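Structure record follows, encoded as structure tokens.
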Amino acid sequence: MALEITHLGSGSRGNATLLQTEEAKVLVDCGFSGRQMERRLEQINVDPKSIDAIILSHHHSDHAQGADIFRRRHETKLFANFTTCAHLGYDPVNQCRIFDALERVQVAPGISMLPVPVPHDGADNVGFIINSGSNERAAIVTDLGEPTDELMHHLKGCAHISIESNYDVKKLAFGPYPPSLKSRISGRGGHLSNQQTADMLAEILGPETKSVVLCHLSEKNNAPHLAESETLFRVENWEGDLRVSTQDVPEFSHWVGQSEAELISQ
Ligand SMILES: [Zn+2]
Ligand SMILES: [Zn+2]
């Protein structure tokens, strides 16, 4: 079934992505306050009560802070792995459905996901490969220090890929962060630089991938034009749609398998 993907906002102040088919609506991460989540959904005419499920990549507040309040207010099912559930203090029986890495999770009618583990500081973080019953898969993956062979394998051939492009190497090196934070961000447990993301995409992208969204850009250590130009510079002969998701508002949606985005009027 056709799947539509809309980033409600992405960055270190919050992340949430809406997946919609005719049958179901799912949020990947819920990293804004409950009120802010409702506001962003209202902006695209989605009733919060119509969300079937929330699935969390990991426990960091920019991915999980609104999850419990949203779940309680709107009676939404909540999925997380055991470590994420434990970090957030959720009751794994009554508050949260537990999933295991690399085992398919049926999140809502017609939408299943494969959680793929990725390295990230003190968190059991996963990227998601999404299947909505058609041959075309989508991927959402943020917060990883470096690519793994396993992740690369699953990303290849996806019709849509949302992937973090967190920092510009020069901006981070000469920017305001203390040395310890700089090395944490750029280390194996941190985030992907524009260059790392562009190198990954250069290896992965082929004609099957119709759209790519660069997300989780650092506001201090990156800029949309830097992330975009790094990818365009390294990726050759690819004709899909490349966009950057920013922090504050939902700006566009992609139908998985189509190489044009639909813009959202503000
Ligand atoms: Zn994180
Ligand atoms: Zn994050």
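The values are calculated or read from the model by the stated rules, or taken from the named source; none is laboratory data. From a predicted model like this one, the values you see are computed outputs, not experimental measurements. Glycine also receives a Cβ, built like all others from the backbone with ideal geometry; neighbour counts cover every protein chain displayed. All accessible areas refer to the heavy atoms of the entire protein, side chains included, with ligands and DNA or RNA removed. Shrake-Rupley method; radii C 1.70, N 1.55, O 1.52, S 1.80 Å.
Using the 1.4 Å probe convention, the accessible area of segment 1-129 works out to 39 Å² per residue with neighbouring protein chains retained. Descending by average beta-carbon neighbour count within 10 Å, the peptides 147-153, 229-235 line up as 229-235, 147-153, the highest first.
Once the 1.4 Å probe is applied to the protein heavy atoms, segment 149-199 comes out at 46 Å² accessible per residue. For the chain, the equivalent ellipsoid built from the Cα gyration tensor has semi-axes of 26, 22, 18 Å, listed from largest to smallest.
The solvent-accessible area of D52, taken with every protein chain present and a 1.4 Å probe, is close to 60 Å².
Cross-link reach is defined here as a Cα-Cα straight distance under 27 Å, omitting same-chain residues fewer than 8 places apart; for K182 the lysines meeting it are K170, K171, K220.
Reported to the nearest whole Å, the Cα centre-to-centre distance from segment 229-266 to segment 166-207 is 20.
Each peptide in 2-14, 30-42, 154-166 was scored by the mean count of other Cβ atoms within 10 Å over its residues; highest first, the order is 154-166, 2-14, 30-42. Just so you know, the Rg over Rh for segment 45-163 is 0.95, from Cα atoms, with Rh as the Kirkwood radius. Note on the chain: with neighbouring protein chains present and a 1.4 Å probe, carbon and sulfur make up 47 percent of its accessible heavy-atom surface.
Within a straight-line Cα-Cα reach of under 12 Å, K49 can be paired with the following aspartates and glutamates, leaving aside sequence neighbours fewer than 8 residues apart in one chain: E38, E75.
Here's the list of lysines a cross-link from K156 could span, going by alpha-carbon distance under 22 Å and ignoring same-chain residues fewer than 8 apart: K210.
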